[in-house]
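Each value in this text was obtained by applying a stated rule to the coordinates, not by laboratory testing. Small disclaimer: the values here were computed from a predicted structure and weren't measured. For neighbour counting, all protein chains shown are included, and Cβ atoms are generated from backbone atoms with ideal geometry for every residue, glycine included.
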Amino acid sequence: YNGFDTGIFLCTPGLFSALERAGRDGGDASLSGGVRLLAREGRARVFPVTGHFWIDIDDPVAFEQAERALSADSRRSR
């Protein structure tokens with residue numbers, strides 16, 4: 001684990017091909033594995049998110065935390 005999958009992914013046919021190739025012979029066929037393969041090939045693009053709100057949501061508890069954070073933020077910006 002050496003990074004974060006943050007934001008929105010545009011899943012093109014190239015990504016699905018990379019996932020298949022990344023997963024061959026028991027390799028990493030996760031989204032991270034496919035993007036890593038594309039990055040090694042110079043085919044992945046990224047955009048900075050510095051200064052923008054972001055919270056990781058992996059489960060119902062994190063979803064509730066995100067809702068509270070967004071609600072508090074919207075009250076502050078009024």
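Summary of computed values
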{"quantity": "Average Cα contact separation per residue, the chain, under 8 Å, 6 or more apart, as relative contact order %", "calculated": "19"}
{"quantity": "Folded to 0 to 90 degrees: helix 60-76 orientation relative to the chain principal axis, Cα", "calculated": "50"}
{"quantity": "Relative contact order of segment 7-47, defined on C-alpha pairs under 8 angstrom at six or more residues apart (%)", "calculated": "30"}
{"quantity": "Trypsin sites (Lys or Arg not before Pro) within segment 1-75, DSSP loop, no more than 12 other Cβ atoms inside 10 Å", "calculated": "Arg45"}
{"quantity": "Size of charge dipole - the chain - debye, nearest 20, with Cβ of Lys, Arg +1 and Asp, Glu -1, no other charges", "calculated": "400"}
{"quantity": "Using alpha-carbon coordinates, inclination of helix 31-40 to the longest axis of the chain, degrees", "calculated": "60"}
{"quantity": "Listed candidates (i) 40, 30, 24; (ii) 51, 25, 23; (iii) 45, 28, 18 - label of the one calculated as Cα extents along the principal axes in Å", "calculated": "(ii)"}
